[in-house]
Amino acid sequence: SQKLVLPSLSGPLPTELDGYKYLKIKLGRLDFKHELAWAQALHEALPLDIRWRFDGNQQLTPDQVAQLAAMPFKTRIDYIEEPITDFYKFLCSNTLAVFPLPFALDESLKLVLDNNINLAQLKLSGLKAFIIRPPSLGGYSAAMKAMRIADSFNLLSVLSSSIEGPWGFERLLYLLSAPTQSLSQAQAHGLDTRSLLNMEELCARIPKIPY
């Protein structure tokens, strides 16, 4: 129920979104003013019940995040992943301020868990979700542990993947349907990345190894 979209200066707005509840929008690839204008045009074109999940990939400045939070589409924003440069330093700050938008941990998640950063304090600052990618966390057992921790703090666990084979997808679906009464906040909203790959072009780039 989540679709990944990228801001564009030329292509049409992605308005044919029947069945999708969420858009994941990657930022920091174009001039930020153009990205804001694109997002505002998209906001005006879409039904109000479609929520947005931004991904900053640690590319934005605090001032740019403040600009996002001041836009009319703020009411759509579920959270922003890894919003600012030096994000882990922000998370480790002794005087952690309330962030302008709810945020999610992706690349920083393993560091936060391994170093026992105060999750209760992070939640007060705006933490809303863990992005669960088993390879980056150290495997599927570690991912399950992270999901249990998220559940104990009433945070979302959003399963995500970039390129997974059949076995990998089976494991991800197992995590989603884990036989436990916890993990009530688990979602599988980041499994569509592979649809953006041009498999024909990718296969052509893989060198043939002679026997």
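Looking only at residues in the stretch 50-63 that are assigned to a strand (DSSP E or B) and over 20 Å from K123 (Cα atoms), the one that is farthest from the chain's Cα centre (by Cα) is L60. Within the stretch 72-119, being out of contact with any Leu (no Cβ under 7 Å at 6 or more places or on another chain), more than 30 Å from A45 (Cα to Cα) and of a type in the set (D, E, K, R) holds for D86, K89, E107, D114. Listed conditions (1) under 20 Å from W52 (Cα atoms); (2) under 17 Å from the mean Cα position of the chain (by Cα) are all met by T75, apart from (2).
In the stretch 104-113, is there at least one residue being open to solvent by less than 70 Å² (accessible area, probe 1.4 Å) and among the hydroxyl-bearing types (S, T, Y)? Steps first, answer last, please.
Of the residues in the stretch 104-113, the ones open to solvent by less than 70 Å² (accessible area, probe 1.4 Å) are 104-106, 108-109, 112-113.
Now drop any that are not among the hydroxyl-bearing types (S, T, Y), which leaves 108.
Yes, the stretch 104-113 contains a residue that is open to solvent by less than 70 Å² (accessible area, probe 1.4 Å) and among the hydroxyl-bearing types (S, T, Y).
Entry remark, the stretch 64-117: residues being within 30 Å of A142 (Cβ to Cβ) and part of a helix (DSSP H, G or I) number 12 in total.
When we screen L68, L91 for residues that are among the aliphatic types (A, V, I, L, M), surrounded by 15 or more Cβ atoms within 10 Å (Cβ to Cβ) and in contact with a Phe, Trp or Tyr (Cβ under 8 Å, 6 or more places away or on another chain), the only hit is L68. When P12 is tested against (1) of a type outside the set (A, V, I, L, M, F, W, C); (2) in contact (Cβ under 8 Å) with a residue 60 or more places away in the chain; (3) over 25 Å from L137 (Cβ atoms), just one condition goes unmet, and that condition is (2).
To keep it simple, each residue is scored yes or no on (1) open to solvent by less than 20 Å² (accessible area, probe 1.4 Å); (2) under 17 Å from K128 (Cβ atoms); (3) in contact with a Cys (Cβ under 6 Å, 6 or more places away or on another chain).
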position	(1), (2), (3)
G11	no, no, no
L30	no, no, no
H43	no, no, no
L46	yes, no, no
D49	no, no, no
E82	yes, yes, no
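State whether the residues of the stretch 122-136 include one that is in contact with a Cys (Cβ under 7 Å, 6 or more places away or on another chain) and at pLDDT 90 or above. The answer is no, given that none of the residues of the stretch 122-136 is in contact with a Cys (Cβ under 7 Å, 6 or more places away or on another chain) and at pLDDT 90 or above. Residues in the stretch 78-92 that are out of contact with any strand residue (DSSP E or B) (no Cβ under 6 Å at 6 or more places or on another chain), over 9 Å from Q58 (Cβ atoms) and either in contact (Cβ under 8 Å) with a residue 12 or more places away in the chain or of a type in the set (V, I, T) (or both): L91, C92.
Sort through P7, P47 and tell me the only one that's touching a residue at least 12 places away in the same chain (Cβ under 8 Å) and part of a loop (DSSP other than H, G, I, E, B).
Working: P47 fails: touching a residue at least 12 places away in the same chain (Cβ under 8 Å).
Result of the check over P7, P47: P7.
The values are calculated or read from the model by the stated rules, or taken from the named source; none is laboratory data. This structure is a prediction, so every number in the text was calculated from the model and none was measured. When we count neighbours, we look across all protein chains shown, and the Cβ atoms used for this are built from the backbone with ideal geometry, even at glycine. Remember, those area values only see protein heavy atoms, side chains included, never the ligands or the DNA or RNA. Shrake-Rupley method; radii C 1.70, N 1.55, O 1.52, S 1.80 Å.
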